[in-house]
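**Q** Submitted below is the structure of interest, expressed as structure tokens.
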Amino acid sequence: MNAERVVCRGVLAIAFAGLLAGGAYAQSADSSSQQQDIKEGKKDIRNDKKDLAKDRADRNADQRDINKDKRDLAADRKDRNQDQRDINHDRKDLNKDRADRNKDQRDINKDKTQLASDVNKYGANSSQAQADRKDLHSDRVDRNKDQKDINHDRKDLNKDRADRNQDQRDINKDKRDLHADRKDRNQDQKDIHKDKKDLHKDRKDLRHDKRGH
């Protein structure tokens with residue numbers, strides 16, 4: 001009877017030891033898994049911070065690009081408007097010079113008629129004919145000068161139109177750049193919000209892992 005009790009106690013002791021060992025192993029495995037989760041959680045947080053810093057840097061760079069695009073756009077619009085004013089001024093000059101040239105041509109035609117009349121009346125070498133020739137020469141000089149002014153005005157007008165058109169192309173390009181940079185900035189801002197959410201979630205998971213499952 002005593003021997004049976006000793007054997008029974010031995011079996012119970014072994015079973016109890018087994019349970020303790022199993023529990024210790026399970027606790028050890030669970031602890032190892034928890035440590036691994038904590039390690040992964042910290043790694044996720046570091047990556048989230050890197051992503052957040054990078055997206056903020058991108059967002060700030062895009063904002064600087066936007067500010068530069070705005071300055072470029074304002075400068076190009078100013079140039080375009082100045083070129084348009086120059087064009088309007090060139091047109092006025094051109095119209096005035098054309099009117100002067102046409103008047104000089106009428107004066108020339110009148111001088112020719114007067115010269116022919118005075119030659120018939122007073123002779124080719126008369127004082128009247130000589131005065132008419134002098135007036136005719138003067139009007140031709142004026143007419144030629146007006147024609148040169150017209151040619152110069154045309155060049156200025158063509159140049160100012162070319163400048164105005166180039167400025168308009170620059171304005172259109174600035175608008176496209178500004179639109180693209182705003183789109184990039186807005187996307188970066190969305191990425192920042194997402195990074196913040198990820199960081200918040202990973203910190204929450206880490207706190208949960210530290211407290212245990």
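The values are calculated or read from the model by the stated rules, or taken from the named source; none is laboratory data. Just so it is clear, the model here is predicted, and its values are computed rather than measured. No Cβ is skipped: glycine too gets one built from the backbone with ideal geometry, and neighbour counts run over all protein chains shown. Only protein heavy atoms, including side chains, enter the accessible area calculation; ligands, DNA and RNA are left aside. Shrake-Rupley method; radii C 1.70, N 1.55, O 1.52, S 1.80 Å.
**Q** Can you find even one residue in segment 170-181 that is of a type outside the set (A, V, I, L, M) and closer than 30 Å to Asp93 by Cβ?
**A** yes
**Q** Out of all the residues in segment 126-144, is one or more open to solvent by less than 70 Å² (accessible area, probe 1.4 Å) and β-branched (Val, Ile, Thr)?
**A** no
**Q** Taking the criterion of being more than 37 Å from the chain's Cα centre (by Cα), closer than 30 Å to Gly41 by Cα and in a helix (DSSP H, G or I), would at least one residue in segment 151-161 satisfy it?
**A** There is no residue in segment 151-161 that is more than 37 Å from the chain's Cα centre (by Cα), closer than 30 Å to Gly41 by Cα and in a helix (DSSP H, G or I).
**Q** When you go through (1) farther than 25 Å from Asp44 by Cα; (2) more than 31 Å from the chain's Cα centre (by Cα); (3) not acidic (Asp, Glu) one by one for Lys201, which number turns out not to apply?
**A** Checking Lys201 against (1) farther than 25 Å from Asp44 by Cα; (2) more than 31 Å from the chain's Cα centre (by Cα); (3) not acidic (Asp, Glu), the one that fails is (1).
**Q** Among the candidates Asp170, Asp142, single out the residue that is assigned to a helix (DSSP H, G or I) and under 30 Å from Asp58 (Cα atoms).
**A** Answer to the selection: Asp170.
**Q** What are the residues in segment 173-205 that are in contact (Cβ under 8 Å) with a residue 60 or more places away in the chain and under 22 Å from Ile38 (Cα atoms), if any?
**A** Across segment 173-205, the qualifying residues are Asp195, Lys196, Asp198, Leu199, Asp202, Arg203, Asp205.
**Q** Hey, can you tell me all the residues within segment 74-86 that are within 12 Å of Gln168 (Cβ to Cβ) and either in contact with an Asp or Glu (Cβ under 7 Å, 6 or more places away or on another chain) or open to solvent by less than 60 Å² (accessible area, probe 1.4 Å) (or both)? Spell out how you get there, then give the answer.
**A** Step one: filter segment 74-86 for residues within 12 Å of Gln168 (Cβ to Cβ), giving 76-77, 79-81, 83-84.
Hits for segment 74-86 are Asp76, Asp79, Arg80, Asp83, Gln84.
**Q** Among Ala124, Ala129, which is the only one that is out of contact with any Leu (no Cβ under 7 Å at 6 or more places or on another chain) and farther than 30 Å from Leu157 by Cβ?
**A** When all the criteria are applied, what remains is Ala124.
**Q** Do any residues in segment 144-156 that are among the aliphatic types (A, V, I, L, M) have Cβ atoms under 9 Å from those of residues that are assigned to a helix (DSSP H, G or I) and open to solvent by 70 Å² or more (accessible area, probe 1.4 Å), where the two are at least six apart or on different chains, and which pairs are they?
**A** That search, which allows pairs on different chains as well, returns Ile150/Arg98.
**Q** Looking at segment 190-202 only, could you name the residues that are open to solvent by less than 100 Å² (accessible area, probe 1.4 Å) and either in contact with an Asp or Glu (Cβ under 9 Å, 6 or more places away or on another chain) or at pLDDT below 90 (or both)? Even if it seems obvious, please write down each step before you answer.
**A** Taking segment 190-202 first, the residues open to solvent by less than 100 Å² (accessible area, probe 1.4 Å) are 191-193, 195-196, 198-199, 202.
Those that are open to solvent by less than 100 Å² (accessible area, probe 1.4 Å) and either in contact with an Asp or Glu (Cβ under 9 Å, 6 or more places away or on another chain) or at pLDDT below 90 (or both): Asp191, Ile192, Asp195, Lys196, Asp198, Leu199, Asp202.
**Q** Also, quick follow-up: Can you tell me how many residues within segment 157-183 are farther than 29 Å from Arg64 by Cβ and either at pLDDT below 95 or polar (S, T, N, Q) (or both)? Please lay out each step first, then the result.
**A** Of the residues in segment 157-183, the ones farther than 29 Å from Arg64 by Cβ are 157-162, 164-165.
Filter again for either at pLDDT below 95 or polar (S, T, N, Q) (or both), leaving 158, 165.
The number of residues fulfilling the criteria is 2.
**Q** Residues Asp104, Asp58: which one is among the acidic types (Asp, Glu) and either under 30 Å from Lys134 (Cβ atoms) or loosely packed, with under 13 Cβ neighbours inside 10 Å (or both)?
**A** None of the other options fit; the residue is Asp104.
**Q** Still on this structure: Take segment 59-88 and flag every residue that is farther than 30 Å from Asp195 by Cα and of a type in the set (D, E, K, R).
**A** Listed by number, the residues that qualify are Arg71, Asp72, Asp76, Arg77, Lys78, Asp79, Arg80, Asp83, Arg85, Asp86.
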